[in-house]
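A.B. asks: Pasting in a structure now, in structure tokens, and then I'll have a few things to ask.
The values are calculated or read from the model by the stated rules, or taken from the named source; none is laboratory data. Since the structure is predicted, the reported quantities are computational estimates derived from the model, not experimental observations. Methodologically, a virtual Cβ is constructed for each residue, glycine included, from the backbone with ideal geometry; neighbour enumeration extends over all protein chains shown.
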């Protein structure tokens, strides 16, 4: 038995243990199905789930284009027949997400335009045609005009998919994920749940701040270790289908007019993407096929009622990273003004 296990827990540790039970109860109350995503370098076809590569396209179809007439790049393709059953998500059909190839902001235009699929697109094929061939689909994809640099001809590579090859997308077992730390409802609901479970104890905020005392009491050190583990569990910055969103800064939905009584109808994570994936067979092996700024996360949110209708026309697309206004002025000039996305920065 360890020295710590023999010692009686102090008040701070007891408070942290109550916080642990509170988070468990909050996740039990708010839990939604969630499936983590991993990658491999296994070969893919146009009917597989993958990141990058050639999209499935019906005989009479064409890949979507942006406002400038250029083709958008396939970022993610999901064939729901290859995904574990996870209502309210479909059990069949192919879902595709396209983003622009050469926009540093990756098609994002701020919360005021977050459902306008102008320079990005969500496409759903409910009944894929098995007679479409990989060669036929690949012939419809353009890679962009050549660029001459230092006397050499270079072909346009995607800034979204950093490699020119496809990664096969794999889905883990379906689990349950509750309200996440960066969700605008989290702190209020955590504190309400804590008070309900422990009405005779004083209220506590998730991961409470300590006064600057030196040396820090051992009780605080061990309590903070518990809180850190709870924070890591509630943060959820990983690639996933379903669950609740993660935002590196603040929840952007708080600026939406649809937000009423602390609730927002865009409450279903269609897809959450960050830059890093682990290999499905070796978690020490990683891939970084995507780039959403500095440590950024892209979230595609929708209404559950729309998902049940298989209506992907009102998906909200938001991405957030750790960059500041100065980094965007370097890209767009000193006259650049922040959109709602940047006004939310702390």
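A.B. asks: Could you pull out the residue among 158, 182 that is at pLDDT below 85, under 32 Å from the mean Cα position of the chain (by Cα), surrounded by 14 or more Cβ atoms within 10 Å (Cβ to Cβ) and under 30 Å from residue 276 (Cβ atoms)?
C.D. replies: Checking each option against the conditions leaves just 158.
A.B. asks: How about the stretch 231-250: which of its residues are touching a helix residue (DSSP H, G or I) at 6+ places or on another chain (Cβ under 9 Å) and surrounded by fewer than 20 Cβ atoms within 10 Å (Cβ to Cβ)?
C.D. replies: Within the stretch 231-250, just 233 meets the criteria.
A.B. asks: For the stretch 22-113, give me every one of the strands (runs of 3 or more DSSP E) that falls completely inside it and has 1 or more residues that are surrounded by fewer than 19 Cβ atoms within 10 Å (Cβ to Cβ).
C.D. replies: The qualifying strands (runs of 3 or more DSSP E) are 32-40.
A.B. asks: Here's something else I'd like to know. Tell me, which residue of the stretch 193-212 that is out of contact with any helix residue (DSSP H, G or I) (no Cβ under 8 Å at 6 or more places or on another chain) and assigned to a loop (DSSP other than H, G, I, E, B) is farthest from residue 235 (Cα to Cα)? Don't jump to the end; show me each part of the working.
C.D. replies: Of all residues in the stretch 193-212, those out of contact with any helix residue (DSSP H, G or I) (no Cβ under 8 Å at 6 or more places or on another chain) come to 195-196, 199-200, 202, 209, 211-212.
Among the residues that remain, those that are also assigned to a loop (DSSP other than H, G, I, E, B) are: 199-200, 202, 209, 211-212.
Values: 199: 26, 200: 28, 202: 25, 209: 18, 211: 24, 212: 25 Å.
For the stretch 193-212, the residue satisfying everything is 200.
A.B. asks: Quick check on my filter: what residues within the stretch 208-223 are buried (at least 17 other Cβ atoms within 10 Å of the Cβ) and without any contact (Cβ under 8 Å) to a residue 60 or more places away in the chain?
C.D. replies: Within the stretch 208-223, no residue meets the criteria.
A.B. asks: Within the stretch 165-181, which residues are out of contact with any helix residue (DSSP H, G or I) (no Cβ under 7 Å at 6 or more places or on another chain) and farther than 13 Å from residue 240 by Cβ?
C.D. replies: Once the filter is applied, which keeps residues that are out of contact with any helix residue (DSSP H, G or I) (no Cβ under 7 Å at 6 or more places or on another chain) and farther than 13 Å from residue 240 by Cβ, the stretch 165-181 yields 165, 166, 167, 168.
A.B. asks: For the condition in contact with a helix residue (DSSP H, G or I) (Cβ under 9 Å, 6 or more places away or on another chain) and either at pLDDT below 85 or surrounded by 13 or more Cβ atoms within 10 Å (Cβ to Cβ) (or both), what is the one hit in 301, 331?
C.D. replies: Step by step, each of 301, 331 is checked, and only 301 is in contact with a helix residue (DSSP H, G or I) (Cβ under 9 Å, 6 or more places away or on another chain) and either at pLDDT below 85 or surrounded by 13 or more Cβ atoms within 10 Å (Cβ to Cβ) (or both).
A.B. asks: Does any residue in the stretch 175-204 that is more than 23 Å from residue 261 (Cβ to Cβ) come within less than 6 Å, Cβ to Cβ, of a residue that is surrounded by fewer than 17 Cβ atoms within 10 Å (Cβ to Cβ) six or more places away or on a different chain, and which pairs are these?
C.D. replies: Between residues of the stretch 175-204 that are more than 23 Å from residue 261 (Cβ to Cβ) and residues that are surrounded by fewer than 17 Cβ atoms within 10 Å (Cβ to Cβ), the close pairs are 176/31; 198/18.
A.B. asks: Here's a follow-up. Confirm whether residue 190 is touching a helix residue (DSSP H, G or I) at 6+ places or on another chain (Cβ under 8 Å), crowded, with 18+ Cβ neighbours inside 10 Å and closer than 17 Å to residue 26 by Cα.
C.D. replies: yes
A.B. asks: Determine which single condition residue 274 fails, assuming it passes every other condition in (1) more than 21 Å from residue 248 (Cα to Cα); (2) crowded, with 18+ Cβ neighbours inside 10 Å.
C.D. replies: Evaluating residue 274 over (1) more than 21 Å from residue 248 (Cα to Cα); (2) crowded, with 18+ Cβ neighbours inside 10 Å leaves (1) as the failure.
A.B. asks: Any idea which residue in the stretch 304-324 is nearest to residue 124 (Cα to Cα), counting only those that are modelled with pLDDT under 90 and loosely packed, with under 14 Cβ neighbours inside 10 Å?
C.D. replies: Restricting to residues being modelled with pLDDT under 90 and loosely packed, with under 14 Cβ neighbours inside 10 Å, the top hit is 322.
A.B. asks: Enumerate the pairs (first residue in the stretch 117-131 and closer than 10 Å to residue 100 by Cα; second residue anywhere and in a strand (DSSP E or B)) with beta-carbon separation below 7 Å, excluding pairs fewer than 6 apart on the same chain, so at least 6 apart or on different chains.
C.D. replies: From residues that are closer than 10 Å to residue 100 by Cα, the pairs are 120/98; 120/99; 120/317; 121/98.
A.B. asks: Now for a separate question. Do the conditions hold for residue 92, that is, is it in contact with a helix residue (DSSP H, G or I) (Cβ under 6 Å, 6 or more places away or on another chain) and over 30 Å from residue 230 (Cβ atoms)?
C.D. replies: Yes: the conditions hold for residue 92.
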